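Student: First, the structure itself, so that you have it in front of you.
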Amino acid sequence: MIEFLNYSFRYASASNPALENIELKIFPGEFVLLIGDSGSGKTTFLRSINGLIPHFYGGSQRGEVRIDGKSIKNFPPREIANYVGTVFQDPENQILMHTVEKEIAFPLENIGMKEGEIEKRVEETLDLLDIYPLRHRKIESLSGGEKQKVAIATAIARYPRYLLLDEPTSQIDPNSAESLLSLLERLNDDLGIGIIMVEHRMERTMHRADRLIVLDRGKIVGDGEPRIIASKLDLDALGVGYPQITRVAKRFGVEMLPLTVKEGRKSLSRYLKNVRVKEERILLNDLIGEVLNIEFSYGAHRVIRKLNLKIYRNELLGLVGRNGTGKTTLAKLLTGLLRPQKGEIRILGKPIEKYGEKERSRAISMVFQNPNIHLLGDTIYEDVTYLLSDKERKRAENIMKELGIWELRDRNASELSGGERMLAAVASIAVMEPEILILDEPTRGLSYKFKLRLSSFLKKYIQRHSVILITHDVETLARNATRVAILSDGRIRVIGNKREIMCSSLTYSTQVNKVAQGIEGVDKKILVEEDLEVIK
Amino acid sequence: MIFTFLLTFIAGTFLILLFGKFSFFQKKVSPITLSIWLSAVIYLSLLFSSPYFLFLLFLMLFIIKLFVQSHLWKTFMKYSLYILFFILLFNIFLVGKGTHVIYYNHFIKITWESLAFAYSMGLRIVIIMGAFSIYNSNITMDELIEILEKFRFPQRSLITLALSLRFFNIMAQEASESVEVLRLRGVAISSGKLKDKIRARSPLMSALLTNSLERSIYIAEALEIKGFPSKNRRAWRRISFPWREKLIVSSFLLLSIIATALVVMMGIGNELIVCPNIKLYFLLTAPLLLLILSRREEND
């Protein structure tokens, strides 16, 4: 059992405690979901269990944390690793060896296990996680999801009783995330490994957890069965949000909140019959970007095949598709970072290769998946205002305020959360006001609060310009998109109004749309709660 | 004498094929044996100057390439052949030393010696690149670490080496993406004078440093929770080194020592022109053969 006994911790450089008066017990075999806004103390909570606090991070501490009756203070993380395995957010930074089997064997080597025993454990772990085909693969050849599974395999190779996971799905695509979460459920069910997980993807995790712990500014504000906590607390106000289906149910005042689409079908049918989609008029006639029959290959690998696309002013074009279908390559071609081997790209009527660097950055630009590469200055303000004139600096201030990062302007990127960094990266490109702004997976790992801020910013941005949003996040897409295009094998297979493409789609519809599709007499065009208009 | 030595070395090469931990179908060879053999080939290529010897070394390398993985062979050879071409041109037309004159006018003097010297230099590059392509295609970084562990290198230094090599690629990728970001922000990164280009890229340095420092904290956390450093650490070595392979490796090492002695004491293997009767035939056919062999991709 893990016990927090009136535990508080403050980092050496901080003025406020990261955790305050924490008093709780976590029992073996529990599946605990730990949620909270950025800076609420979630990561500190995990570090206090795996011993990185106080053995790696200094600070002042009160009370204590115990595992199986032993105080964390008295034994170092390398010994605590026998009880607790840890998986961090970014798999890239926690895998140390070059091949999968050596990575899994690494912690076993460190406890001096015999070679035969290591062989057996590696074998069993690979089988348990169903990743045996990856055994001899080089780490750099793995996808994000595969890397995260290897990280989990390494964490459980020592047969710990608890597995701690800090936003394990934030850097991977939805399909990989789903597969990873199913795996965790299996480890919890079959082996009784206690799971303590920090996660933002509520729609995928809340129904899987036995217990929900909500942190706010270092304090526990909710602890209990997820459905009960979801009905008692306003999780939207706390910045963490609900699964979409739960939020819609809460809006209708449903008592027994649904956590899944299946539950939603039962509890929401009579309410959804009383609503319809608000009327919307979309007029797109100002063509500002044109892609004409382009082709592109990396060596012998054809990525883009005879692709055509039109981009209009005042639209947000969602670009969806499986991993590796060429979405990022298309974005790089549009921005002139890559040149098509055939065909042409015209922005504002001019071929992209005819633009000078500066002129092109005002015509079209892009925010990458990894915000860190955008943040090159000493402070966020420097990052956003780099190369801007004094007149343009005022614009930078407005954009930073709209995105809610003005207060962070004097901080270095390393002091910010992942979500704050992404918003800063968006600001650093949006400040040049490109006619077409491309965002590549901007909501990956973002909390509900940050997603809303980004959505609100994008809605304003398309009043004058256009946005191309590459994403797997259907809810954000449904909330903001004008049109949606599905890319597959380097071609745009379908393109059209978001409701034509997303409603009734097996892959790209929202939770509430899935519910609406299954109920007779309900408007099938419903995608998000903002669409709804009560008719009775 | 010379041919006896060469035949012995070629026989040593075939020993790998016959007795090494090797399968014709799975294309596996013991990393220790292969790495020592490749080191011996590189060493001999630097030791010999004779184009005949060097060409035979290349042929041996090519024979091995047919039986092991060699997906990087074509890439490495493409660059080697460009280099070879320029070395040949440069040496043939500009060096002009030697007594066996092929062509002479007031401006240019081409000799058999300059031709042979050019071949030697070029062949060395091709052999070294070929050896590295086979090395990189067959031996992973973890195997290199295991080999070094086997030879009792200090554990901490090895883990540091492994980490540096693993994260170097990530850092290089980040640097390239950051350059793209600067281009997206309108920085003329590849135009202007060298000074301008350096100035344009200057923001990258601090960003890469900050990211690396941040990553080093994550790595330290990961090491800590995985129980490193530990007094009890016991390396899990997948590489075995049985007596049969020890014998093969010993034979390479012995042959390399004999070759050194022959070169140092008797000058064998250093002659630029060994057998004048075959030089024309050799010099005409060798480049062609080299081109054909370096482009073959049976195992790719």
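The values are calculated or read from the model by the stated rules, or taken from the named source; none is laboratory data. It should be emphasised that the depicted structure is a prediction, and the values quoted were computed from it without experimental measurement. Cβ: placed from backbone, ideal geometry, glycine included. Neighbour counts: every protein chain shown.
Student: Just to be sure, is B:SER178 facing chain A (nearest Cβ under 7 Å) and over 34 Å from the mean Cα position of the chain (by Cα)?
Tutor: no
Matching residues to (1) touching a Cys at 6+ places or on another chain (Cβ under 8 Å); (2) assigned by TED's automatic domain parsing to the domain that holds A:TYR381; (3) among the basic types (Lys, Arg); (4) modelled with pLDDT of 90 or more:
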site	(1), (2), (3), (4)
A:ILE436	no, yes, no, yes
A:SER447	no, yes, no, no
A:LYS498	no, yes, yes, yes
A:VAL534	no, no, no, no
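Student: Identify all residues within the stretch B:224-243 that are facing chain A (nearest Cβ under 7 Å) and either free of Cβ contacts under 8 Å to residues at least 12 places away in the same chain or of a type outside the set (Gly, Ala, Ser) (or both); write none if there are none.
Tutor: B:GLU224, B:ILE225, B:LYS226, B:GLY227, B:PHE228, B:SER230, B:ASN232, B:ARG233, B:ARG234, B:TRP236
Student: Can you tell me which of (1) acidic (Asp, Glu); (2) within 31 Å of the chain's Cα centre (by Cα); (3) within 24 Å of A:PHE106 (Cβ to Cβ) is the one B:GLU221 doesn't meet?
Tutor: (2)
Student: For the stretch A:337-376, give me each residue that is acidic (Asp, Glu) and facing chain B (nearest Cβ under 7 Å). Please lay out each step first, then the result.
Tutor: Initial filter on the stretch A:337-376 (acidic (Asp, Glu)): A:344, A:353, A:357, A:359.
Answer for the stretch A:337-376, where residues must be acidic (Asp, Glu) and facing chain B (nearest Cβ under 7 Å): just A:GLU357.
Student: For A:PRO54, are the conditions met, namely being assigned to a helix (DSSP H, G or I), surrounded by fewer than 23 Cβ atoms within 10 Å (Cβ to Cβ) and either in contact with a Ser or Thr (Cβ under 9 Å, 6 or more places away or on another chain) or facing chain B (nearest Cβ under 7 Å) (or both)?
Tutor: yes
Student: Do you know which residues across the stretch A:158-167 are part of a loop (DSSP other than H, G, I, E, B), touching a strand residue (DSSP E or B) at 6+ places or on another chain (Cβ under 8 Å) and more than 22 Å from A:VAL240 (Cα to Cα)?
Tutor: A:ARG158, A:PRO160, A:ARG161
Student: Just for the stretch B:153-175: of the residues that are over 24 Å from the mean Cα position of the chain (by Cα) and closer than 20 Å to B:SER230 by Cα, which one is surrounded by the most Cβ atoms within 10 Å (Cβ to Cβ)?
Tutor: Result: B:GLN155.
Student: Can you report the number of residues in the stretch A:378-416 which are without any contact (Cβ under 8 Å) to a residue 12 or more places away in the chain and at negative phi?
Tutor: 13
Student: Same structure again: Within the stretch B:138-157, is even one residue among the aromatic types (Phe, Trp, Tyr) and modelled with pLDDT under 85?
Tutor: yes
Student: Quick one: A:LEU333 ticks every box in (1) more than 24 Å from A:LYS306 (Cβ to Cβ); (2) within 13 Å of chain B (Cβ to nearest Cβ); (3) touching a residue at least 24 places away in the same chain (Cβ under 8 Å) bar one, so which box is it?
Tutor: Failed condition: (1).
Student: Something else about it: Would you mind listing the helices (runs of 4 or more DSSP H) fully within the stretch A:168-279 where at least 3 residues are of a type in the set (Asp, Glu)?
Tutor: Qualifying helices (runs of 4 or more DSSP H): A:174-191.
Student: Then there's this: Test each condition in (1) closer than 30 Å to B:VAL179 by Cβ; (2) surrounded by 15 or more Cβ atoms within 10 Å (Cβ to Cβ); (3) modelled with pLDDT of 80 or more for B:ALA200 and report the one that comes out false.
Tutor: Condition (3) is where B:ALA200 drops out.
Let's see how each residue does on (1) surrounded by fewer than 18 Cβ atoms within 10 Å (Cβ to Cβ); (2) part of a loop (DSSP other than H, G, I, E, B); (3) aliphatic (A, V, I, L, M); (4) not assigned by TED's automatic domain parsing to the domain that holds B:MET266:
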{"position": "B:LEU44", "(1), (2), (3), (4)": "no, no, yes, no"}
{"position": "B:PHE55", "(1), (2), (3), (4)": "no, no, no, no"}
{"position": "B:PHE58", "(1), (2), (3), (4)": "no, no, no, no"}
{"position": "B:LEU61", "(1), (2), (3), (4)": "no, no, yes, no"}
{"position": "B:LEU81", "(1), (2), (3), (4)": "no, no, yes, no"}
{"position": "B:ILE87", "(1), (2), (3), (4)": "no, no, yes, no"}
{"position": "B:PHE93", "(1), (2), (3), (4)": "yes, no, no, no"}
{"position": "B:THR99", "(1), (2), (3), (4)": "yes, yes, no, no"}
{"position": "B:ILE102", "(1), (2), (3), (4)": "yes, no, yes, no"}
